[in-house]
Every structure is written in C-alpha cells, then in structure tokens.
C-alpha cells in the first residue's frame, strides 16, 4: 500500500526530484555525453549509486516496508542524503574539469552541449539531497537519532574527506618514503575506521548493545581525533614541502595529474579540513542528546 502523505510530503517531493535528475543525468551520459578513464568512471558510479539507493529508499518509505528492516531508518536516510550531497558536489566539479573543453571543434559541439547539460543537472541535483538533509536534521529541542545531529552529519563529511585523502595518497604521494609520513597514514586510517564504526553502529541501531555510554565514547574519540589530526597537520607538510625532505614549490617537470607534489598538496589541504571538522564536531558532540534505540 502506497502512502500518499509520504509521496506528497516535502521529503517525498525532494526524493522525486533526486530520481528525476539522476535519471536525466544517466540518460544524457549514455546517449551522447560519454565518460572515460578513472574520473569518468567515478562520476558515473556516483550518479548510478545515488539513483539506485534513492529509488530503494523512496520505494521503502512510501510503502512503509522500511519498518520491517533491522536498521535505524531515520539515521540511515539522513546519513545517505548527506553522503549523496557530498558525492554529487564532487562529481559536479570533477566531470566538467576533465570532460568540458575550452576549444571545441565544430563536429564535437553536440557532445559538448550534452556534457554541459550533465554538469548542470549534476550541480542542480545537489540541492534536492541537501534539502533532504535540511528537512531531516535535528531541530532545536527535538529528540532525534544521532545521525540527524550536527555531530552525526559531520561524521559523514569526515569519512568522505578521509576518502579524498586516501585517493591522493594512492596517487603516487610517496608517503612510504619517511616513517613520519607513514605515521600520518596510520592516523588517517585509524580515525576513518572508528568514524565508520560509529556510523555503522548508529545506522544499525546497535549503540545500546555497547557496554559503555555511546555518547561519551564519541566525545572521547573525537577529542583524540583532534589531537591526532593536529599532529598530522604539522608533520605532513614538513616531510612533504620542507627543503630538507621535498620541494617547497611545484617542480617544473611534474606532469599534471601525475605529480607526487600535487598529491601531497591535496593531502595537506584536506588534512586541515578534517582537523577543522573534528574540532567543530567536538564542540557540538558535547551538546546533543543521543537516542540508542533502533526505533529511531
């Protein structure tokens, strides 16, 4: 039985727009816009993955079948909406950078127009997902699931930023050159792993099964994550850009997209981004009320 209220609610309308734009993007790419190489595969994965999960979420929500699932539905949907927003923003930047050309031959203008349309639709589709996050986020004074709080949403962003760092590390970053840079990789991996565990426990509704208070664990972990990221924000630039260990400026003989210096710079920038995110998380995580029931 389809619930009319779920379809016509602001949340249901936002999800229908997500499906509409996602379907349009995949049709445009498959018809003429095209994609290639790792960057194109990543963008296509983002659009297909988000469309597929959104379709499942929308179907389960309007039929109320999600009540039969052994997960915390509200935590899952808001976490996915936050992740989808970040993935769409990334794809909306990556696709035009690698597939839109400044000088286009006359015979390729049709393909260029399709690619512009894909870029526009991808950028616009960020807003329905962001709208879902806005609609389901924690309201002042309301008792909600952890993932709907600022701290919970930041956990998703932190994990996503960590994935960007891992991608840069894997792209010939020379991180195994020094023990200090290897320590940084350990920090990134440790913080990412615990963040994923926190999200999984919350979405699965299993936080109440822990033998210690979940909220205290999150605060303590976030505090140590701030300390660890602070250390990497100091160590990584020294062993990447100091004259004794590397280059202070980008080498001239460094090909674009295949330069270790570029990868090191990406890691340095997003290390500081995650440091700020964990610090903000630490501030907010001490002000929220947790619900450890799988019913939320």
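The values are calculated or read from the model by the stated rules, or taken from the named source; none is laboratory data. Here the structure is a predicted model, which means the values were calculated and not measured. Cβ coordinates were reconstructed from backbone atoms using ideal geometry, including for glycine residues, and neighbour counts include every protein chain displayed.
Checking each residue in the range 8-33 for being over 20 Å from the mean Cα position of the chain (by Cα), without any contact (Cβ under 8 Å) to a residue 40 or more places away in the chain and part of a helix (DSSP H, G or I) picks out 8, 13, 20, 23, 26, 27, 30. If you go through the range 147-166 and pick out every residue that is over 9 Å from residue 192 (Cα atoms) and free of Cβ contacts under 8 Å to residues at least 60 places away in the same chain, you end up with 1. Residue 194: more than 19 Å from residue 269 (Cβ to Cβ) and either touching a strand residue (DSSP E or B) at 6+ places or on another chain (Cβ under 7 Å) or buried (at least 21 other Cβ atoms within 10 Å of the Cβ) (or both), yes or no? Here the answer is no, as residue 194 does not meet what is asked. Of the residues making up the range 72-103, those that are more than 25 Å from residue 28 (Cβ to Cβ) and under 17 Å from the mean Cα position of the chain (by Cα) are 75, 76, 77, 78, 79, 82.
Going by the structure shown, is residue 123 within 21 Å of residue 277 (Cα to Cα), outside the structural domain of residue 228 (by TED's automatic domain parsing) and either within 16 Å of the chain's Cα centre (by Cα) or surrounded by 21 or more Cβ atoms within 10 Å (Cβ to Cβ) (or both)? So residue 123 does not fit the description; no. Answer with yes or no whether residue 245 is at pLDDT 70 or above and assigned to a loop (DSSP other than H, G, I, E, B). The answer is yes for residue 245. Taking the stated definitions as given, is residue 104 in contact with a helix residue (DSSP H, G or I) (Cβ under 9 Å, 6 or more places away or on another chain), without any contact (Cβ under 8 Å) to a residue 24 or more places away in the chain and not assigned by TED's automatic domain parsing to the domain that holds residue 158? It is true that residue 104 is in contact with a helix residue (DSSP H, G or I) (Cβ under 9 Å, 6 or more places away or on another chain), without any contact (Cβ under 8 Å) to a residue 24 or more places away in the chain and not assigned by TED's automatic domain parsing to the domain that holds residue 158.
Checking each residue of the range 201-212 against the condition of being under 19 Å from residue 85 (Cα atoms), surrounded by 15 or more Cβ atoms within 10 Å (Cβ to Cβ) and in contact with a helix residue (DSSP H, G or I) (Cβ under 6 Å, 6 or more places away or on another chain) gives at least one match.
Among the residues of the range 150-179, those that are part of a loop (DSSP other than H, G, I, E, B) and surrounded by fewer than 21 Cβ atoms within 10 Å (Cβ to Cβ) comprise 171, 172, 174, 178. Across the range 251-269, the qualifying residues are those that are surrounded by 13 or more Cβ atoms within 10 Å (Cβ to Cβ) and part of a loop (DSSP other than H, G, I, E, B), and the one among them that is modelled with the lowest pLDDT is 254.
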